[in-house]
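Step one of this worksheet: look at the structure below.
The values are calculated or read from the model by the stated rules, or taken from the named source; none is laboratory data. In this text the structure is predicted, and so the values were computed from the model without any measurement. Note that each Cβ is placed from the backbone with ideal geometry, even for glycine, and that neighbours are counted across all protein chains shown.
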């Protein structure tokens with residue numbers, strides 16, 4: 001029995017009043033989950049330095065660095081195939097089948113990201129997956145691997161998560177005031193929920209996103225070095 005069925009009985013011989021009336025306001029629409037994230041530049045710089053000193057698997061370190069640089073959804077990075085990367089063209093094209101919104105997504109690659117990927121290529125480039133599991137090259141690295149690494153670095157689940165890199169980037173990019181909000185949203189692969197606004201969205205903001213990702217990578221270098229200006 002559900003609320004829709006109960007409301008349908010109102011006005012019929014089956015019910016004289018709407019039995020869901022008393023529940024109105026008590027039932028809420030599910031909200032988008034908020035992931036723990038470091039959004040203050042000084043704290044994020046400390047995180048970057050901690051990642052540099054991580055003593056675990058080299059591929060885990062690389063994955064954490066790329067989460068910071070590219071801020072994709074963790075699953076998109078963990079399951080990435082080498083065939084998706086065009087390092088000479090400095091772009092990563094995530095196919096629609098692996099995107100939450102079921103549309104292909106282009107990610108500009110900064111020189112810092114390309115350098116990391118070339119290092120990883122020496123380790124896993126002979127296979128299909130960029131970040132295979134240590135147990136099987138046929139399976140991707142697990143999300144628990146990334147979150148466990150953050151715990152080993154001293155960050156609790158209430159401070160930082162692998163998904164939190166997206167919120168960190170979104171917050172600091174918006175606070176910089178340098179980039180159009182739509183460019184940031186496009187880079188996050190968010191889909192505008194307002195149909196009218198979506199219809200008038202100005203393309204992919206590709207050129208601006210390329211500049212933004214270059215600026216972001218350079219900004220992370222500054223934060224890592226303790227330059228908070």
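Residue count for the stretch 171-185 satisfying the condition of being surrounded by 16 or more Cβ atoms within 10 Å (Cβ to Cβ) and farther than 14 Å from residue 216 by Cβ: 2.
Taking the numbered list (1) in contact with a strand residue (DSSP E or B) (Cβ under 6 Å, 6 or more places away or on another chain); (2) modelled with pLDDT of 95 or more in turn, residue 82 passes all entries but (1).
Tallying residues that are over 18 Å from residue 56 (Cα atoms) and within 17 Å of the chain's Cα centre (by Cα) within the stretch 137-157 yields 1.
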